[in-house]
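Scroll down for the structure; my scribbles are underneath it.
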Amino acid sequence: MAGTYTPRPEIAALVENVNKAAAGYEAAAEGDVHVARRNLQLEARKLLYSLEEPNSEVWPRIFQVNVSAAVEIVSDLELWEKFEGGGEVSITEMVELTKADEIIIIRIFRQLVAANLFIESPGPSFRLTSLGKPYLHPDHRAFNNFMFFDIIPAIMAMPRTLAEHQYKAPTKETGTPYKWAHGEELWTWLGSHPDRGVIMVAGMRSHNPMDAYPWGIELAKLDLDDDDVAIVDVAGGQGHIMDGIRKENPRMKGRFIVQDLPSTFDVVPSPPDRVEFMVYDIFTPQPAKDAYIYHYRHIFHNWSDGDCTTILGQIVPLLKTQPKSKLLLVDVVLPNSNATMQQAIMDITMFPMGGMERNESQWKELLAKSGLGIKKIWRGSEPEACIECQLL
């Protein structure tokens, strides 16, 4: 999902505003210094916001809970679509469309303007900024909904549940922190509430796909026939990543297989064009043989080291007998120190599911337990990367 960056002329104008505010702060009289400082802070924040990658910012913004709640209310009111095309929508129009009280609209949009998702004009009326435009896509709104209702409540329970478990890391026996908070595993909950499962799958589609690994270049190196298994996308949801690779490489030969649980496939009428579905549980032996690439995207960060070792135990025996096969793990690779706010947020978000984000040292330790090492780390525009594994 491509991001729409702030145009360079707008950034240049924001730089000019920062310079003006800095000059105003320098020249401010003693009694006006606090006003000039606030103005400089505001202009500096606007400049920083303009340099963000819009789609990536959706993740940390969810944890500004007031902003996430406001995003959800605008979704419930079906107002996002009214901002298509870059036009302005007035408070009066929104009240007429939604029948909501005007004061509710005013307060919700005050929060969203402060978060730099909207710009306010006299009237008042509002239009989207580059950071607000991702929410025009329903998958980003689904991601906000899934995190807000299914994950954040378990994070809010962390102080209580960690104390109850004497601050011990979750294990297979103790269950996940989601279960600690709600009495049921998240994956069990999603299986028994298919409407929430649909929201989760849509939300996962909101992440920028497949730019860490150069699929077109690497697949072109393979001498593939139509019947060859090019890629097995393990626990690949409803096939949106494989569909994207197919569309970007329409002449690519070989079979693209997406594996997941039956409940994941049951909610879609058919797989994407030139993509196959195969029912599979990642904790059982891998049934797809002789594939050139086995691909796990956003899977290992869902699980503890022990569970990850069990998952790897299903694929490593095949790698030992299939020298042509590659194993690719697409996930975050944290720095060994000084993680960014977004990286730290992504890590703590995995806590309710019993998973974690890992730094390069932790990845090496995890893979070594299964007789694997890191051949190369391919890095993309997201905080995540693609780890190409090799047998030790």
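Read the figures in this text as sums done on the coordinates, not as results from a lab. Remember, it's a predicted structure, so these values are computed and weren't measured experimentally. With ideal geometry, Cβ positions are generated from the backbone for all residues, glycine too; neighbour counts draw on all protein chains shown.
Quick notes on this structure:
- Taking chymotrypsin sites (Phe, Trp or Tyr not before Pro) across the stretch 163-194, the ones in a DSSP loop with at most 15 further Cβ atoms lying within 10 angstrom of their Cβ are Tyr167.
- Look at where the Cα atoms of the stretch 159-223 and of the stretch 305-353 average out, and the two centres are 12 Å apart.
- Listed from fewest to most Cβ neighbours within 10 Å, the set Arg251, Arg45, Arg246 follows the order Arg251, Arg45, Arg246.
- Listed candidates [x] -0.63, -1.05; [y] -0.69, -1.07; [z] -0.52, -0.91 - label of the one calculated as log10 I(q)/I(0) by the Debye sum over Cα atoms at q = 0.09, 0.12 Å⁻¹: [x]
- About its Cα centre, the dipole of the stretch 53-136 is roughly 220 debye, where the only charges are +1 on Lys and Arg Cβ and -1 on Asp and Glu Cβ.
- Ordering of 348-361, 90-103 by packing is 348-361, 90-103, highest average first (other Cβ atoms within 10 Å, averaged per residue).
- The stretch 100-249 shape via C-alpha gyration tensor axes, a/c threshold 1.5: oblate
- Contact order normalised by residue count of the stretch 292-392, Cα under 8 Å, 6+ apart, percent: 34 percent
- Over the chain, DSSP H runs of length four or greater, each weighted -39,500 (n - 2.57), average out per residue to a 222 nm ellipticity of -13000 deg cm²/dmol.
- With contacts taken as Cα pairs under 8 Å at a separation of at least 6 residues, the chain carries a relative contact order of 13 percent.
- Only Lys, Arg (+1) and Asp, Glu (-1) charged, at Cβ; the chain dipole about Cα centre in debye: 820 debye
- Non-local Lys pairs in the stretch 169-302, i.e. 8 or more apart or on different chains, that have alpha carbons under 26 Å apart: 5
- Relative contact order [Cα under 8 Å, 6+ residues apart], the stretch 215-391, whole percent: 19 percent
- Taking label points 7 Å from Cα along the Cα-to-Cβ direction, Glu30 and Ser270 give a separation of 7.9 nm.
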